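Below is one structure, written out as structure tokens, with a few remarks after it.
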Amino acid sequence: MKVTIDGIEIDVPKGTTILQAARMIGKKVAPPAMCYYSKLKTTGGYCRTCIVKVTKASAQNPNPIPKPVASCRTEVADGMEVQNFTSQEVIEARKGVVEFLLINHPLDCPICDQAGECKLQDLGYEHGSAKTRYEFKRREYEMIDIGDKIKLHMNRCILCYRCVKLCDQLTDKRVHGVIHRGDAAEISTYIKNVIDNDFSGNVIDVCPVGALTDRTFRFKQRVWFTKPVDAKRNCDKCSGKVRLWLKGEEVLRVTARMDEWGEVEDFICNACRFEKKRKSDWTIEGPSKIDRHSVISQNHYEHLNELKVKAMKQQKALGFMPFDKRP
Ligand code: SF4
Ligand code: FES
């Protein structure tokens, strides 16, 4: 099926959503996604950040769809034409979505462990507006203790349902979900009942905001001062392929490896995540690939090397002679 997104045409199999088609083209047209998670089934449709404008429904029906659609839940039709970043209407509508997502979200980035890798922070920066029009008190919650490994800050939750879907699909019993509806909706306190499961730590990685964070890493270091490397070990529960976040020789945190969309490549077990905190527990494979635009790539030696190679190539092209080779 042929679909055109922001003027770029691509052929995709039947059943592909607009979001998936956009990701096949690449980052320049792919809408942001706060609830869709390609590694989990039935995600998407909750946050509305991925809205796009369908200017032509299909080859048979050239009419536009009269309102923005959630691209993660809308399948492409042959001949469909879509606008994302090229539509001012979408950009304005998305700004409104971000404003709604931030209505109850505390602006506590300076003390939040997710800062630097928070999808809402990126979304607010790239698609939000500078001011809020909200004048009411933000929601507050009683602190819920879900154990010594994972910290829940309910006031940061954007109700994306990813942790619910993860527990449903990865652990053997799902006992938490979203209770109440609308303004009163919240992740149920029963989340504490899944925390003993071997794969429960993955809720930290799929949570796009700082609602679920790693207690063993909490307040230890800003993430951009750490050095991420890919490492592995033989594990009988998971693939053992992880990302270590180092400060010198110290392993401050272990997470799953993330792909270019910020999604987990392989879910990892709690033993790898929480119990293997010595460098000698791991075989280091090399520096992790981090998006150049991420604050985490600051001082990342992989990029420093890249920059050095680029600078040397430019110097060579311009006929510069390195200091050590000068007569
Ligand atoms: S706790 Fe995180 S992953 Fe779970 S619904 Fe809230 S924002 Fe989503
Ligand atoms: S990513 Fe599509 S609605 Fe959330």
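The values are calculated or read from the model by the stated rules, or taken from the named source; none is laboratory data. Note that this is a predicted model, so its numbers are computed, not measured. Note that we place each Cβ from the backbone using ideal geometry, even for glycine, and neighbour counts take in every protein chain shown.
Quick notes on this one:
- Across segment 44-65, the qualifying residues are those that are in a loop (DSSP other than H, G, I, E, B) and surrounded by 23 or more Cβ atoms within 10 Å (Cβ to Cβ), and the one among them that is farthest from ligand 1 (Cβ to nearest atom) is 50.
- Neighbours by Cβ (under 6 Å, 6+ apart or cross-chain): first from segment 295-318, over 15 Å from residue 225 (Cβ atoms); second modelled with pLDDT of 75 or more and surrounded by 11 or more Cβ atoms within 10 Å (Cβ to Cβ): 302/287
- If you filter segment 66-78 down to residues that are assigned to a loop (DSSP other than H, G, I, E, B) and either more than 13 Å from ligand 2 (Cβ to nearest atom) or among the β-branched types (Val, Ile, Thr) (or both), you find that the one that is surrounded by the most Cβ atoms within 10 Å (Cβ to Cβ) is 76.
- Subset of segment 101-123 (residues that are more than 30 Å from residue 276 (Cβ to Cβ), in contact with a His (Cβ under 9 Å, 6 or more places away or on another chain) and in a helix (DSSP H, G or I)): none
- Residues (assigned to a helix (DSSP H, G or I), free of Cβ contacts under 8 Å to residues at least 24 places away in the same chain and away from ligand 2 (no atom under 16 Å from the Cβ)) located in segment 129-170: 168
- Criterion violated by residue 102 - all others in (1) among the hydrophobic types (A, V, I, L, M, F, W, C); (2) touching a residue at least 40 places away in the same chain (Cβ under 8 Å); (3) farther than 26 Å from residue 225 by Cα satisfied: (2)
- Residue match in segment 189-200 (condition: within 16 Å of ligand 1 (Cβ to nearest atom) and modelled with pLDDT of 90 or more): yes
- Checked against the criterion of being within 18 Å of the chain's Cα centre (by Cα) and either outside the structural domain of residue 38 (by TED's automatic domain parsing) or part of a strand (DSSP E or B) (or both), the candidates 285, 260 yield just one match: 260.
- Residue count for segment 218-233, restricted to those that are buried (at least 18 other Cβ atoms within 10 Å of the Cβ) and not in a strand (DSSP E or B): 2
- The requirement of being within 14 Å of ligand 2 (Cβ to nearest atom), surrounded by 22 or more Cβ atoms within 10 Å (Cβ to Cβ) and outside any loop (DSSP other than H, G, I, E, B) is satisfied by residue 22.
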